[in-house]
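Enquirer: Take this structure first; my questions come after.
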Amino acid sequence: MLKQTAIRLPTDLATEIDFVARVRQTSTNSLIIEAVRKFLAQVATDPEFAKQAQAIMADEREMLRKLLDEGSK
């Protein structure tokens, strides 16, 4: 399944991406997907990211608990 999204890139970055995609004989879309996947794999191993994600998840669990408690009254 695909989700279409729009991004705004500085002109110089878009030009570089287009050039690299042409040299690698791939689409700009494929090149961006590859780059994002590599970035996400890198983030997944970052201990600071994990710490921040756990804190956000804990906050959201607490907020959900409060909302459910309010709804049951």
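Enquirer: Once fully extended, how much extra length lies between K38 and I56, figured as 0.36 nm per residue of separation less the alpha-carbon to alpha-carbon distance?
Expert: 4.2 nm
Enquirer: Which whole-Hz couplings ³J(HN,Hα) result when phi for each residue of the stretch 50-58 is put into the Karplus expression 6.51 cos²θ - 1.76 cosθ + 1.60, θ = phi - 60°, listed in order with x for Gly and Pro?
Expert: Ordered by residue, 3J(HN,Hα) equals 4, 4, 5, 5, 5, 5, 5, 4, 5 Hz.
Enquirer: Right, here's the next one. Please work out which option in (i) 16.6; (ii) 15.9; (iii) 13.5 gives Kirkwood radius over Cα pairs in Å calculated from these coordinates, and answer with its label.
Expert: (ii)
Enquirer: To continue, here is another question. I need L9, L31, L67 ordered by Cβ neighbour count within 10 Å, fewest first.
Expert: If I rank by nearby Cβ atoms, fewest first, I get L67, L9, L31.
Enquirer: While we're here: Tilt of helix 11-23 relative to the longest C-alpha principal axis of the chain, in degrees (0 to 90, nearest 10)?
Expert: With both axes taken from Cα atoms, the answer is about 60 degrees.
Laboratory data are not the source of any read-out in this text; all were calculated from the coordinates shown. Just so you know, these numbers come straight off a predicted model, no measurement behind them. Neighbour counts are summed over all protein chains in view; Cβ atoms, including those assigned to glycine, are modelled from backbone coordinates with ideal geometry.
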